Amino acid sequence: MTRLFEDSEIPLAPGAVVLREFASGEELLPLIEAIAVAAPFRHLVTPGGHTMSVAMTNCGRLGWTSDRKGYRYSPLDPETGLAWPAMPEAFTRLAREAAERAGFPGFAPEACLINRYAIGAKLTLHQDRDENNYDHPIVSVSLGVPAVFQFGGTKRTDPLKRVTLYHGDVVVWGGEARLAYHGIQPLKEATHPLTGACRLNLTFRKAG
Ligand code: MD6
Ligand code: FE
């Protein structure tokens, strides 16, 4: 594969870095397809009653889910009543290697949330605060159509920076950036040879 940005690391904020083209979509996409057969993508409802535009599923011992009662990590897929599909070894390895590159050695995620964005889908500004422990980083992998990631500070009203995330980019987010507000702007019309008119994102966490 040609790697235009081989090994380039772009600091976003203290504790947050983009590793350009760190992940191989060719390896990851068939694994995501297999997970989605066992645990289909679905549009979750927020505690406020809104249906999310992003479709989600999970793999690993715990999965992130939402309904009218709140956000939580659950060992079972509420849709099927079954355990989430196991986390593929290639996922665990990628997350560990990316975290290590960013200065967080020994990362062993037990939860992988998989987000699927159609054109126009977005993720409103939020903090990731449903985990029990903020000492571990989050590793986030972008695949398919590029998206504009926005990130601010620990207050919703802090000024936002924007960066476009491309196929294969990995963001590692920890330390003092761990509780920064962030979101994804509405996906612009585009197609990617491997995913079509769609963006996929994997976020790896240690939840407990
Ligand atoms: C996404 N990502 O990229 C959504 N959260 O589709 C996130 O919400 C996120 O990229 C925490 C850390 C990194 C992330
Ligand atoms: Fe997030």
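Quick note: the coordinates plus some simple rules give every number you see, no bench work behind them. Model, not experiment: these values are computed from the prediction. Every residue, glycine as well, gets a Cβ built from its backbone with ideal geometry; the counts of neighbours run over all protein chains shown.
Out of the residues in the range 146-159 that are within 14 Å of ligand 2 (Cβ to nearest atom) and not basic (Lys, Arg), state the one that is farthest from Pro30 (Cα to Cα). Among residues in the range 146-159 that are within 14 Å of ligand 2 (Cβ to nearest atom) and not basic (Lys, Arg), the one farthest from Pro30 (Cα to Cα) is Thr154. The set of residues in the range 181-207 being touching an Asp or Glu at 6+ places or on another chain (Cβ under 8 Å) and not in a strand (DSSP E or B) consists of Tyr181, Leu194, Ala197, Lys206, Ala207.
The residues listed here are Leu165, Leu202, Leu123; of these, the one that is of a type outside the set (Lys, Arg), farther than 19 Å from Leu19 by Cβ and within 14 Å of ligand 2 (Cβ to nearest atom) is Leu123.
The condition of being acidic (Asp, Glu) and either assigned to a strand (DSSP E or B) or within 10 Å of ligand 1 (Cβ to nearest atom) (or both) holds for only one of Asp128, Asp135, that being Asp128.
Results for (1) more than 18 Å from the chain's Cα centre (by Cα); (2) among the hydroxyl-bearing types (Ser, Thr, Tyr); (3) surrounded by 13 or more Cβ atoms within 10 Å (Cβ to Cβ); (4) not in a strand (DSSP E or B), shown as yes or no for each residue.
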{"residue": "Val17", "(1), (2), (3), (4)": "no, no, yes, no"}
{"residue": "Ala23", "(1), (2), (3), (4)": "no, no, yes, yes"}
{"residue": "Ala36", "(1), (2), (3), (4)": "no, no, yes, yes"}
{"residue": "Pro47", "(1), (2), (3), (4)": "yes, no, no, yes"}
{"residue": "Ser53", "(1), (2), (3), (4)": "no, yes, yes, yes"}
{"residue": "Thr80", "(1), (2), (3), (4)": "yes, yes, no, yes"}
{"residue": "Ala98", "(1), (2), (3), (4)": "no, no, yes, yes"}
{"residue": "Phe104", "(1), (2), (3), (4)": "no, no, yes, yes"}
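For the structure I just gave you, tell me whether Thr92 is under 15 Å from the mean Cα position of the chain (by Cα), in a helix (DSSP H, G or I), β-branched (Val, Ile, Thr) and farther than 23 Å from His192 by Cα. It is true that Thr92 is under 15 Å from the mean Cα position of the chain (by Cα), in a helix (DSSP H, G or I), β-branched (Val, Ile, Thr) and farther than 23 Å from His192 by Cα. Scanning the range 170-195 for residues that are touching a residue at least 12 places away in the same chain (Cβ under 8 Å) and more than 15 Å from ligand 2 (Cβ to nearest atom) yields Gly175, Glu176, Pro186, Leu187, Lys188, Glu189, Ala190, Thr191, His192, Leu194, Thr195.
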